[in-house]
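> My questions will all concern the structure given below.
The values are calculated or read from the model by the stated rules, or taken from the named source; none is laboratory data. Computed from a predicted structure; not experimentally measured. Heads up, the Cβs are rebuilt from the backbone with ideal geometry, glycines too, and the neighbour counts pull from every protein chain shown. Each accessible area value is taken on the protein alone, full model and side chains, heavy atoms only, with ligands, DNA and RNA left out. Shrake-Rupley method; radii C 1.70, N 1.55, O 1.52, S 1.80 Å.
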Amino acid sequence: MSKDTYQHLLDLRQYMRSKNVDAVIIPGTDPHQSEYVSDYWKYREYLTGFTGDNGTAVVTLDKAGLWTDSRYFLQAEEQLRDSGFVMYKERTPGEPNIREWLAAELHDDAIVAIDGRLFTLIEANQLENFCGQNGFMLATDFYPADEIWPDRPAMPADPAYVYPVEYDGEDVDSKIDRVMQAVKAAGADGMLVTALDEIAWLFNLRGSDVAYTPVVVAFAYITLHDRVLFIDEHKVTREVKDHLKHHNVKIKDYDEVEKYLSKVTERFTIALDAHRVSDTLGQALMCGKTYIASPIIDLKAVKNEVEIAGYHEAMKVDGAALVRAFKWIEENAGNGITEIDVDRKIQEERGKCDLYRGDSFHTIAGYKEHGAIVHYEASEQSAATLAPDGLLLIDTGGQYLNGTTDITRTISLGNVTAQQRHDYTLVLKGHLALARAVFPRDTTGNQLDILAHGPLWQEGLNYGHGTGHGVGHFLGCHEGPFQIRMNYIPAALRPGEVTSDEPGLYKTGEYGIRIENLLLVVPAMSNEEYGDFYKFEVLTLMPYDTRLIDKEMLSPEEVKQVNDYHAWVRDTLSPLLEPAEQEWLAAKTEKI
């Protein structure tokens, strides 16, 4: 693919010359700052051939680079070959960041161009300051994808649908009232909402406009008197129209948002999240503005009783589906199946549940050395054929109407080495330590992260990705506000939030190991002197691979933790399984 994309790079440079542009920065996002974007916005992928979720391309008239993080180093190196792009490693000593690179490459008075729809107000402001400090000029109205992308995919056209309160647990009026309380407290009259998962949550709508996340492309504007949803009217079914009308929501065309905002009266003050609203829309507002973190982030992160009950039910059917799939994988590992077949089998088993609506991200099935590529995605060309030998890492998740799942298991297909068992048990020890944590109110993720990293650090080992991320309820598999990782994120964990617990270890060219469950934050204890303490409740139902556990490395407490978890998994999932599957599960959950 990279050889084909080289012509795309030449086309872009010709277009840059026609517009007197010296450098262009192209992110891999959309006007909503989405993690996953529709094909319509995948210009960075079209230009470079790189398909990773995180990456920014920068092109000058004679050089081109792509910056990505450690999850994608191996993938980017392979996909960028012969593309004309050089890979640069983010946050890596000795590697220039984008601004350093541009400062070294450009001359005074150079014009740096961006598509302002794809950069937040914060990002555009930082770029403008950078350009001013270096004698450059910033242009925010450069739209190459609109002009030089032949056969560009169309905008998503599938209809939106109403998400029932029986799964959601709260109606639209209640949510908007809670949001507006926060908006008024910030001294604003209204708020512009641009993040797709926030809009889906706020209006109890879902869709299929973005892969893996059931959202619909739209913008929203709410005040004490107006509720406006900007959406392609062809996507509005009669059910959706009636639903929105019932909650006094006006419908306007998606492309009218900029014009509408430009006419907001000057006496109004509108709240904007400068980390989410695009520079283009932020500049369109000529009224008063106040910048706040979107209150919707916090509100939707704390799940209500209906949502929590839904998670529990979704985990049961997901666990049963994975038991059937993993049993099949082990039985067929020597029969010519590939990593892609693993993905297909898991989807097939999940599809037996009526509430299943697709995967929550692309399944990672990494056999042997592919498991060391953190975000590996098998293709027909790269997919390895499984054999009864080595390790298989499977990271997979499902979207169900009553919940979102995300799980990773590393399993042995045969011939386990002592080193593999040692490494697996180190990762397991960190995974277990985080799951049994008890911590005081206002604890942030970085304060817990050492629990997962600790056993690896003791032996001079590490992993570069985060340990835990928030998980939405039939929404994004990755959400804020908190994260469990080494760097500080100023958001404390609160009861009702769901996090992943996923330490790992990756040995390039050999194998990868990751173990992941989802955890629910719940109250643990409280006392007058020291306040409230919280703990985790495990949600995920799927056994660990006991063939990979070196029991001698575990404490009695850890052995009990594994055995208690396995007993719970066996008792919960067995009623959902056929006799042969029950037998398989019983063997996998025997006491260690």
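> Enumerate the pairs (first residue in the stretch 123-137 and in a loop (DSSP other than H, G, I, E, B); second residue anywhere and open to solvent by 30 Å² or more (accessible area, probe 1.4 Å) and of a type in the set (A, V, I, L, M, F, W, C)) with beta-carbon separation below 8 Å, excluding pairs fewer than 6 apart on the same chain, so at least 6 apart or on different chains.
From the stretch 123-137, the pairs are Phe136/Ile111.
> Which members of the stretch 198-216 meet the condition of being modelled with pLDDT of 95 or more, open to solvent by 40 Å² or more (accessible area, probe 1.4 Å) and at negative phi?
The one that is modelled with pLDDT of 95 or more, open to solvent by 40 Å² or more (accessible area, probe 1.4 Å) and at negative phi: Ser208.
> Which is out of contact with any Ser or Thr (no Cβ under 8 Å at 6 or more places or on another chain), farther than 24 Å from Leu541 by Cα, surrounded by 19 or more Cβ atoms within 10 Å (Cβ to Cβ) and not polar (S, T, N, Q), of Leu451, Leu505, Leu456, Leu461?
The unique qualifying residue is Leu456.
> Turning to a different aspect of this structure: Step by step: first the residues of the stretch 300-314, then only those that are within 11 Å of Asp168 (Cα to Cα) and not in a helix (DSSP H, G or I), then the one that is nearest to the chain's Cα centre (by Cα). Which residue is that?
Of everything passing the filter in the stretch 300-314, Lys303 is nearest to the chain's Cα centre (by Cα).
> What is the number of the single condition among (1) surrounded by 14 or more Cβ atoms within 10 Å (Cβ to Cβ); (2) within 15 Å of Val21 (Cα to Cα) that Asp108 does not meet?
Every listed condition holds for Asp108 apart from (1).
> Still on this structure: Just give me the residues in the stretch 265-285 being in contact (Cβ under 8 Å) with a residue 24 or more places away in the chain, closer than 17 Å to Val228 by Cβ and either assigned to a loop (DSSP other than H, G, I, E, B) or basic (Lys, Arg) (or both), in sequence order.
Residues satisfying the conditions are Phe268, Val277, Leu285.
> Taking Gln399 and the conditions (1) in a helix (DSSP H, G or I); (2) over 29 Å from Gly334 (Cα atoms), which numbered condition does it fall short on, given that it satisfies the others?
(1)
> Test Val416 against the criterion of being closer than 18 Å to Thr508 by Cα, surrounded by fewer than 18 Cβ atoms within 10 Å (Cβ to Cβ) and touching a residue at least 40 places away in the same chain (Cβ under 8 Å), and give yes or no.
It is true that Val416 is closer than 18 Å to Thr508 by Cα, surrounded by fewer than 18 Cβ atoms within 10 Å (Cβ to Cβ) and touching a residue at least 40 places away in the same chain (Cβ under 8 Å).
> Same structure, new question: Which numbered condition in (1) more than 17 Å from Pro214 (Cβ to Cβ); (2) outside any loop (DSSP other than H, G, I, E, B); (3) open to solvent by 20 Å² or more (accessible area, probe 1.4 Å) is the only one that Gln381 fails?
So Gln381 meets the others, but not (2).
Okay, residues lined up against (1) of a type outside the set (A, V, I, L, M, F, W, C); (2) more than 15 Å from Val522 (Cα to Cα); (3) modelled with pLDDT of 95 or more; (4) part of a loop (DSSP other than H, G, I, E, B):
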| site | (1), (2), (3), (4) |
| --- | --- |
| Phe439 | no, no, yes, no |
| Asp449 | yes, yes, yes, no |
| His469 | yes, yes, yes, no |
| Gly472 | yes, yes, yes, yes |
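> Within the stretch 45-57, take every residue that is assigned to a helix (DSSP H, G or I) and open to solvent by 10 Å² or more (accessible area, probe 1.4 Å) and give me the one that is farthest from Arg71 (Cα to Cα).
Tyr46
> Among the residues of the stretch 83-98 satisfying the criterion of being at negative phi and either acidic (Asp, Glu) or touching a strand residue (DSSP E or B) at 6+ places or on another chain (Cβ under 6 Å) (or both), which is surrounded by the most Cβ atoms within 10 Å (Cβ to Cβ)?
Among residues in the stretch 83-98 that are at negative phi and either acidic (Asp, Glu) or touching a strand residue (DSSP E or B) at 6+ places or on another chain (Cβ under 6 Å) (or both), the one surrounded by the most Cβ atoms within 10 Å (Cβ to Cβ) is Phe85.
> State which residue is most open to solvent (accessible area, probe 1.4 Å) when the search covers only the stretch 125-151 and only residues that are in contact with a helix residue (DSSP H, G or I) (Cβ under 7 Å, 6 or more places away or on another chain) and of a type outside the set (A, V, I, L, M).
For the stretch 125-151, the residue satisfying everything is Glu147.
> Further question: Working only within the stretch 217-245, note down all residues that are touching a residue at least 12 places away in the same chain (Cβ under 8 Å), assigned to a helix (DSSP H, G or I) and open to solvent by 10 Å² or more (accessible area, probe 1.4 Å).
Within the stretch 217-245, Glu233, His234, Glu239, His243 meet the criteria.
> Mind telling me which of the residues Ser555, Ser574 ends up being on the phi < 0 side of the Ramachandran plot, among the small types (Gly, Ala, Ser) and in contact with a Leu (Cβ under 7 Å, 6 or more places away or on another chain)?
Being on the phi < 0 side of the Ramachandran plot, among the small types (Gly, Ala, Ser) and in contact with a Leu (Cβ under 7 Å, 6 or more places away or on another chain) holds for just one of Ser555, Ser574, which is Ser574.
> Does Ala104 satisfy the criteria of being in contact with a Pro (Cβ under 8 Å, 6 or more places away or on another chain) and either at pLDDT below 95 or not aromatic (Phe, Trp, Tyr) (or both)?
Yes: the conditions hold for Ala104.
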